[in-house]
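Everything below concerns the one structure shown next.
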Amino acid sequence: MIRLDKFLCDYGIGTRSQVKEFIKKGQIQVNDQVVKKPDFKLVEEKDSVFYQGKELAYQSFYYYMLHKPMGVITATEDKREKTVMDLMGSDRKKNLFPVGRLDKDTEGLLLITDNGELAHQLLSPKKNVPKTYYVETAEAISEEMITMLTQGVDIGEKEATKPALVEILTPTSLHLTITEGKFHQVKRMLKAVNNKVTYLKRISMGELVLDPSLEKGQFRRLTEEEIGSLEKYIQR
Ligand code: URA
């Protein structure tokens, strides 16, 4: 059982106060009845919920975006360290796991789901899912460094990295978009061009963009639209 206002919030319809307004205005129907009480309890798997006459399909998988803060590790559990799953509070469920890995000192967008197939596809090198990072560097970024990053650099793997997209923001910050996810890849790429990452934050993955209203450590369920933008990677 879940409260109606929490269900709508989780679904991505709006903030807690916005959904309370929608409920009070009679815009929410559960099965064949308009429900005006935010604390109405429903059974997600059984009850049909309508917003402005449109049914909100039951989501069989869970999808969250987490604004990962520094200092927590990307793992489901750890004996010593705090993990990203420890941030999920009462939404922490047994089968949820983070898709891909951000280093302990990296911040930003982390997708958390229980959809293994989607995770597998998003992480597959064949799918070329773009991931954009905001990067701060120790040294000014030279033209030569930009050329090297965009062409691909030797980070000690069998092959050079795939070409990256570079958008210079200030002399020591950039947006770097890569389509691979090798261990410490961004840090190793900047090292390969004789620079050093001093701050790293992932801001997008595919079309999924870190919600600017999420404070570090906060999370929210993905909207239907956001889920759709990810699921297309399964169909390709
Ligand atoms: N590249 C890195 O070096 N670290 C991350 O956490 C993500 C990408």
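The values are calculated or read from the model by the stated rules, or taken from the named source; none is laboratory data. Please read all numbers here as calculations on a predicted model, not as lab measurements. Note that we place each Cβ from the backbone using ideal geometry, even for glycine, and neighbour counts take in every protein chain shown. For accessibility, only protein heavy atoms count, side chains too; no ligands or nucleic acids. Shrake-Rupley method; radii C 1.70, N 1.55, O 1.52, S 1.80 Å.
Take the Cα of Lys182, step 7 Å along the line toward its Cβ, and report every residue of segment 193-217 whose backbone nitrogen sits under 15 Å from that point.
Residues 193-194 fall inside that zone.
Any idea what the relative contact order of segment 93-193 is, in percent, if you count C-alpha pairs under 8 Å spaced at least 6 apart?
26 percent
Simple spin-label model, 7 Å along Cα-to-Cβ: Glu45 to Thr147 in nm?
Calculated label separation equals 6.1 nm.
Would you work out the relative contact order for segment 63-235, in percent, from Cα pairs under 8 angstrom that are 6 or more residues apart?
Dividing the mean separation by the residue count of segment 63-235 yields 29 percent.
Using label points projected 7 Å from each Cα along Cα→Cβ, tell me how many nm separate Glu231 and Ser17, to one decimal.
With each label placed 7 Å out from Cα toward Cβ, I get 3.3 nm.
Please report, in debye to the nearest 20, how large the charge dipole of segment 63-235 is about its Cα centre when each Lys and Arg carries +1 at its beta carbon and each Asp and Glu carries -1 there. Intermediate values should be presented prior to the final figure.
On the way: 25 positive and 26 negative charges, 107 e Å.
For segment 63-235, the charge dipole is close to 520 debye.
Just read off the accessible area of His67 with the full protein assembly in place, 1.4 Å probe, to the nearest 10 Å².
10 Å²
How do Ser90, Ser48 rank by accessible surface area computed with a 1.4 Å probe, from largest to smallest?
Values: Ser90 110, Ser48 35 Å².
Listed by decreasing accessible area, they come as Ser90, Ser48.
Of Pro171, Ile234, Ser142, whose Cα points farthest to the positive end of the dipole of the chain (charges on the beta-carbon: +1 Lys, Arg; -1 Asp, Glu; origin at the Cα centre)?
Of the listed residues, the answer is Ile234.
Taking K and R as +1 and D and E as -1, what net charge do the other residues with C-beta under 12 Å from the C-beta of Leu190 add up to?
Charge balance near Leu190 sits at +2.
Return the carbon/sulfur percentage of the accessible area of the chain, one whole number, probe 1.4 Å, all protein chains in place. Before the final figure, lay out the partial values.
On the way: 6380 of 12780 Å².
Answer for the chain: carbon and sulfur cover 50 percent of the accessible area.
Kindly sort Phe97, Phe7 by accessible area of their heavy atoms, largest first, with the probe set to 1.4 Å.
Phe97, Phe7
Size of the dipole of segment 2-56 about the Cα centre, Lys and Arg at +1 and Asp and Glu at -1 on the beta carbon, nothing else charged, in debye to 20?
Using only the charged Cβ atoms, the result is roughly 300 debye.
Given a Förster distance of 45 Å, report the FRET efficiency between Lys37 and Ile168 from their Cβ-Cβ distance, rounded to the nearest 0.05.
0.30
Can you tell me the equivalent ellipsoid semi-axes for segment 109-216? Use √(5λ) from the Cα gyration tensor, largest first, whole Å.
Each semi-axis is √(5λ); the values are 24, 18, 11 Å.
If you consider only alpha-carbon coordinates, what radius of gyration and Dmax does the chain have, in Å?
Reported Rg and Dmax, both Å: 20.4, 65.
Place a point 7 Å from Cα of His175 in the direction of its Cβ. Which residues in segment 213-236 have their backbone N less than 17 Å from it?
Under 17 Å, as judged by backbone N against the label point of His175, lie 213 of segment 213-236.
Lys and Arg at +1, Asp and Glu at -1: add these up for the other residues within a Cβ distance under 15 Å of Lys94 and post the number.
-2
How far apart, in nanometres, would the label points at Asn194 and Glu207 be if each is projected 7 angstrom from Cα along the Cα-to-Cβ direction?
Once both label points are built, they end up 4.2 nm from each other.
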